[in-house]
């Protein structure tokens, strides 16, 4: 299946209107689709300027709080995702509004309930894992069918419960804590994993949740809401997707060459860092 075979879903409030405009533009142009936007507060007032479908929802008021680690909690995600699963019963990608689609690409397989994205190479360190988990929850891909809806609901409920356990935890860290229990470290990016409720795989962030904004089919402008230059880049690129898609192809070739020249660097470091992180987690 291609990315365009999935419904595209995000969430935003009125403070994210410029992100919502750029995000929607990239979905319209790259995937030829109309995204769904969960209205977390006031975003639907701008619906005339957005080619999107809006969903009203009431979520935990702490969704946009910043914790002591300087991470936004974004604990609205389980509530939005559960609503969409049960309302529409379709495959969908739940994605942050500070992302842009650069290319309509195929996914490697659809033999799992959820695809997660492991952190990008530069963030694959024990310190980063401790700060906000082993995944980047900015892109979550759900394969929904009549046979897994009940199991998906149970998993989302567990995730939501983890989000509410601690006033400092983020949705991403909570999700990571659940997934960590089922990992095969050495085969992280090739294995299919099973929990009590779901099956899942990890995708490469360099391709499907690229916070470096160089090689991926989805570019994620993490921190753009708090960094003015990154926000300007986000808006500029959203208006020139075809140009940057061509640049991405060149960057991807260079990235693949780097991996070929130094395969151990990319294949081994995350294993050591992840093992160290899990040892520290278990010690506490």
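What's the number of the condition residue 66 fails, among (1) over 30 Å from residue 240 (Cβ atoms); (2) in contact with a strand residue (DSSP E or B) (Cβ under 9 Å, 6 or more places away or on another chain); (3) in contact (Cβ under 8 Å) with a residue 60 or more places away in the chain?
Going through the list (1) over 30 Å from residue 240 (Cβ atoms); (2) in contact with a strand residue (DSSP E or B) (Cβ under 9 Å, 6 or more places away or on another chain); (3) in contact (Cβ under 8 Å) with a residue 60 or more places away in the chain, residue 66 breaks only (3).
Only one of (1) at pLDDT 95 or above; (2) surrounded by 22 or more Cβ atoms within 10 Å (Cβ to Cβ); (3) in a helix (DSSP H, G or I) is not met by residue 163, so which one is it?
Looking at each condition in turn, residue 163 falls short on (1).
With 71, 80 as the choices, which residue is farther than 17 Å from residue 132 by Cα, within 16 Å of the chain's Cα centre (by Cα) and in contact (Cβ under 8 Å) with a residue 12 or more places away in the chain? Before you say what the answer is, go through the steps one by one.
On the way: 71 fails: farther than 17 Å from residue 132 by Cα.
Just one listed residue meets the conditions, 80.
When you scan the stretch 179-202, do you find a residue that is closer than 24 Å to residue 67 by Cβ, modelled with pLDDT under 95 and either touching a helix residue (DSSP H, G or I) at 6+ places or on another chain (Cβ under 7 Å) or surrounded by 13 or more Cβ atoms within 10 Å (Cβ to Cβ) (or both), even just one? Let's see the steps before the verdict.
Step one: filter the stretch 179-202 for residues closer than 24 Å to residue 67 by Cβ, giving 179-181.
After this cut, where a residue has to be modelled with pLDDT under 95 as well, the list is 179-181.
Narrowing the set further to residues that are either touching a helix residue (DSSP H, G or I) at 6+ places or on another chain (Cβ under 7 Å) or surrounded by 13 or more Cβ atoms within 10 Å (Cβ to Cβ) (or both) leaves 179-180.
Yes, there is a match, as at least one residue in the stretch 179-202 is closer than 24 Å to residue 67 by Cβ, modelled with pLDDT under 95 and either touching a helix residue (DSSP H, G or I) at 6+ places or on another chain (Cβ under 7 Å) or surrounded by 13 or more Cβ atoms within 10 Å (Cβ to Cβ) (or both).
Would you check if residue 231 is touching a strand residue (DSSP E or B) at 6+ places or on another chain (Cβ under 6 Å) and either surrounded by 13 or more Cβ atoms within 10 Å (Cβ to Cβ) or more than 20 Å from residue 102 (Cβ to Cβ) (or both)? Walk me through how you get there before you give the answer.
On the way: touching a strand residue (DSSP E or B) at 6+ places or on another chain (Cβ under 6 Å): no; either surrounded by 13 or more Cβ atoms within 10 Å (Cβ to Cβ) or more than 20 Å from residue 102 (Cβ to Cβ) (or both): yes.
The answer is no for residue 231.
With respect to residue 22, is the statement that it is in contact with a helix residue (DSSP H, G or I) (Cβ under 7 Å, 6 or more places away or on another chain), over 20 Å from residue 233 (Cα atoms), at pLDDT 90 or above and surrounded by 15 or more Cβ atoms within 10 Å (Cβ to Cβ) true?
On the way: in contact with a helix residue (DSSP H, G or I) (Cβ under 7 Å, 6 or more places away or on another chain): yes; over 20 Å from residue 233 (Cα atoms): no; at pLDDT 90 or above: yes; surrounded by 15 or more Cβ atoms within 10 Å (Cβ to Cβ): yes.
Answer is no for this residue.
Among the residues of the stretch 1-38, how many are under 14 Å from residue 95 (Cα atoms), assigned to a helix (DSSP H, G or I) and free of Cβ contacts under 8 Å to residues at least 40 places away in the same chain?
1
Among the candidates 11, 20, single out the residue that is closer than 28 Å to residue 198 by Cα and touching a strand residue (DSSP E or B) at 6+ places or on another chain (Cβ under 8 Å).
Details: 20 fails: closer than 28 Å to residue 198 by Cα.
Of the residues listed, the single one that is closer than 28 Å to residue 198 by Cα and touching a strand residue (DSSP E or B) at 6+ places or on another chain (Cβ under 8 Å) is 11.
Counting residues that are in contact (Cβ under 8 Å) with a residue 12 or more places away in the chain and farther than 21 Å from residue 108 by Cα, which helices (runs of 4 or more DSSP H) fully inside the stretch 180-262 reach at least 1?
Details: elements: 205-208, 228-238, 241-261.
In the stretch 180-262, the matching helices (runs of 4 or more DSSP H) lie at 228-238, 241-261.
For the stretch 52-77, which positions are at pLDDT below 95, crowded, with 20+ Cβ neighbours inside 10 Å and in a helix (DSSP H, G or I)?
If the condition is that a residue be at pLDDT below 95, crowded, with 20+ Cβ neighbours inside 10 Å and in a helix (DSSP H, G or I), then 63 is the only one that fits.
It is to be established whether one or more residues within the stretch 134-149 are more than 27 Å from residue 269 (Cβ to Cβ), assigned to a strand (DSSP E or B) and at pLDDT 95 or above. Working first, answer last.
First pass over the stretch 134-149, keeping only residues more than 27 Å from residue 269 (Cβ to Cβ): 142-149.
If we keep only those that are assigned to a strand (DSSP E or B) as well, we get 142.
Among the residues that remain, those that are also at pLDDT 95 or above are: 142.
Yes, that holds for at least one residue.
Restricting to the stretch 78-88, name every residue that is touching a helix residue (DSSP H, G or I) at 6+ places or on another chain (Cβ under 9 Å) and buried (at least 18 other Cβ atoms within 10 Å of the Cβ).
From the stretch 78-88, those touching a helix residue (DSSP H, G or I) at 6+ places or on another chain (Cβ under 9 Å) are 78-79, 81-82, 85-86; that's our starting set.
Of everything in the stretch 78-88, those that are touching a helix residue (DSSP H, G or I) at 6+ places or on another chain (Cβ under 9 Å) and buried (at least 18 other Cβ atoms within 10 Å of the Cβ) turn out to be 78, 79, 81, 85.
Output the residues belonging to the stretch 32-51 that are at positive phi and surrounded by 15 or more Cβ atoms within 10 Å (Cβ to Cβ). Even if it seems obvious, please write down each step before you answer.
Within the stretch 32-51, the first condition is being at positive phi, and the residues that meet it are 32, 41-42.
Hit for the stretch 32-51 is 41, nothing else.
The values are calculated or read from the model by the stated rules, or taken from the named source; none is laboratory data. Note that this is a predicted model, so its numbers are computed, not measured. Note: ideal-geometry Cβ built from the backbone for every residue, glycine included; neighbour counts use all protein chains shown.
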